[in-house]
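Beneath this line is the structure, given in structure tokens, with notes to follow.
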Amino acid sequence: MVFNTGAALLDAIVLSAVSKEEEGTYGYKITQDVRKALNVSESTLYPVLRRLQKDNCLEVYDKECGGRNRRYYKITPQGYAQLWLYIEEWKVYSGKISKFFEEVKHE
């Protein structure tokens, strides 16, 4: 993609991906889900997950899987509130950008 992805958009997409799993989900799956919208590496994603956890938007717990612990991320009520703010902002922002592009004269 030629457009840069800002931190807020990446946060919104990560929160959206995590919110789809009621019991939470783990880093690799989050990466795969986010990649449906953006080309992002795991090394980019983990700092985002840590920041969202620090901001109380995600809670973290470990769960045994195949003889080892896997770290799971679950959206918090504060995370849902932030996600809804992002969604509303995105509707306004993307609507303005789309309208702007639709006004381009075709030759």
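Treating only the Cβ atoms of Lys and Arg (+1) and Asp and Glu (-1) as charged, compute the dipole magnitude of the chain about its Cα centre; round to the nearest 20 debye.
That gives a dipole near 260 debye.
Please report the carbon-and-sulfur percent of the accessible area for the chain; probe 1.4 Å, protein heavy atoms only, DNA, RNA and ligands left out.
Carbon-and-sulfur percentage of accessible area, whole number: 53.
Counting other Cβ atoms within 10 Å of each Cβ, which chymotrypsin sites (Phe, Trp or Tyr not before Pro) in region 1-30 have at most 10 and sit in a DSSP loop?
For chymotrypsin sites (Phe, Trp or Tyr not before Pro) across region 1-30 that sit outside H, G, I, E and B with at most 10 neighbouring Cβ atoms in 10 Å, the list reads 3.
Positive end of the charge dipole of the chain (Lys, Arg +1 and Asp, Glu -1 on Cβ, about the Cα centre): tell me which of 75, 9, 27 has its Cα farthest that way.
The residue sitting most towards the positive pole is 27.
Rg and Dmax of the chain, Cα atoms, in Å?
Computed over the Cα atoms of the chain, radius of gyration and Dmax are 16.2, 62 Å.
Got a sec? Charge dipole of region 40-107, +1 on Cβ for Lys and Arg, -1 for Asp and Glu; which of 52, 92, 65 is way out at the positive end?
Going by the charge dipole, the pick is 65.
Among the lysines in the chain, how many pairs, 8 or more places apart or on different chains, have alpha carbons under 15 Å apart?
Here the count comes out as 8.
Once you mark the trypsin sites (Lys or Arg not before Pro) that are in a DSSP loop and have at most 15 other Cβ atoms within 10 Å, what is the longest gap between them in the chain?
Free of exposed loop sites, the longest segment is 37-104.
Restricting to Cα pairs below 8 Å that are 6+ residues apart, what does the relative contact order work out to for the chain? Please round to a whole percent.
Relative contact order, the chain: 28 percent.
What FRET efficiency comes out for residue 46 versus residue 97 if R0 is 25 angstrom and r is the Cβ-Cβ distance? Round to the nearest 0.05.
So, using R0 = 25 Å, E works out to roughly 0.25.
The values are calculated or read from the model by the stated rules, or taken from the named source; none is laboratory data. Only a predicted model underlies this, so the values are computations on that prediction, with no experimental measurement involved. In this analysis, Cβ positions are derived from the backbone assuming ideal geometry, glycine residues included, and neighbour counts consider all displayed protein chains. Side chains included, ligands, DNA and RNA excluded: accessible areas come from the protein's heavy atoms. Shrake-Rupley method; radii C 1.70, N 1.55, O 1.52, S 1.80 Å.
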